[in-house]
Amino acid sequence: MTAIGTDGIGRAGAHAAGWDRAVQVWLWIIALLVLAMITVGGATRLTDSGLSITEWKPILGAIPPLTDAHWQEAFAKYKEIPEYHLVNKGMSLEAFKAIYWWEWGHRFLGRIIGLAFALPFAVFWFMGALRPGYPVRLAGVLGLGGIQGAIGWYMVQSGLVDRVDVSQYRLALHLTVAFMILALVVWLAREIGRHEQAGT
């Protein structure tokens with residue numbers, strides 16, 4: 001295993017030969033997951049499902065309602081926001097579940113992407129598998145992903161009071177950051193591929 005050194009922020013020292021392909025495949029998988037996230041986010045928007053979950057629980061929110069009582073509790077919270085009263089008044093619990101699952105799936109996929117990025121990143125870094133400079137770049141992408149989660153909640157908040165939909169400006173910000181993350185991941189994957197082909 002390659003010895004690990006640091007440059008002041010814990011960066012792996014030497015780049016282990018032969019790791020480029022593994023890192024590149026990992027980044028392409030992340031890119032596909034982000035693309036899936038954008039697609040699911042679009043479906044969530046088109047089905048007007050984005051306000052069905054009125055709380056932001058980064059950890060506990062990964063667990064969906066498991067009992068009828070839990071579903072009734074989630075539905076009761078949805079009934080408190082303007083969208084229910086002005087758009088979906090009288091909605092059945094089954095109809096609520098349909099929009100809830102879209103939003104829950106969107107958030108859950110975000111959590112999956114976070115883990116799929118952070119865990120391999122930590123392993124590659126520890127193994128010295130990353131080229132010099134790449135730990136910093138990848139840590140930046142990971143940080144941007146965390147900020148994106150906060151932006152998502154910032155967007156949802158805009159539709160919970162005095163509106164029946166989210167702010168179009170916050171929505172645009174959320175989508176723009178998603179495409180930024182996708183572009184950065186693709187760029188890094190392609191750059192590593194060029195290094196591998198050039199043998200540098």
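The numbers here are math on the coordinates, done by the rules we state, and not lab data. Computed from a predicted structure; not experimentally measured. Note that each Cβ is placed from the backbone with ideal geometry, even for glycine, and that neighbours are counted across all protein chains shown.
Counting other Cβ atoms within 10 Å as a rough exposure proxy, the listed residues S167, S92, S52 run S92, S167, S52 from fewest neighbours to most. One Cα centroid belongs to the range 20-67, the other to the range 168-184; the line between them spans 14 Å. Tell me the mean residue ellipticity at 222 nm calculated for the chain from its helices only (DSSP H runs of n ≥ 4, each -39500 (n - 2.57), averaged over every residue, nearest 500). When only DSSP H runs of four or more count, the value is -23000 deg cm²/dmol. Remark: the Y169-L93 segment gains 24.3 nm on full extension, using 0.36 nm per residue and subtracting the alpha carbon distance.
Cβ crowding within 10 Å ranks V34, V25 as V25, V34, fewest other Cβ atoms first.
Modelled spin labels at H195 and E55, positioned 7 Å past Cα toward Cβ, are 4.4 nm from each other.
For A36 and L86 in the same chain, what is the full-extension length gain: residue separation times 0.36 nm, less their Cα-Cα distance, in nm?
Working: separation 50, 0.36 × 50 = 18.00 nm, distance 3.12 nm.
Working it through step by step, the gained length comes to 14.9 nm.
Computing FRET efficiency as 1/(1 + (r/R0)^6) for V177 and A76, where r is the C-beta to C-beta distance and R0 is 25 Å, gives about 0.20. Each Cα pair under 8 Å and six or more residues apart adds its sequence gap; the mean of these over the residue count of the range 20-198 is a relative contact order of 39 percent. With K and R counted +1 and D and E -1, the other residues having a Cβ less than 13 Å from that of W102 yield a net charge of +1.
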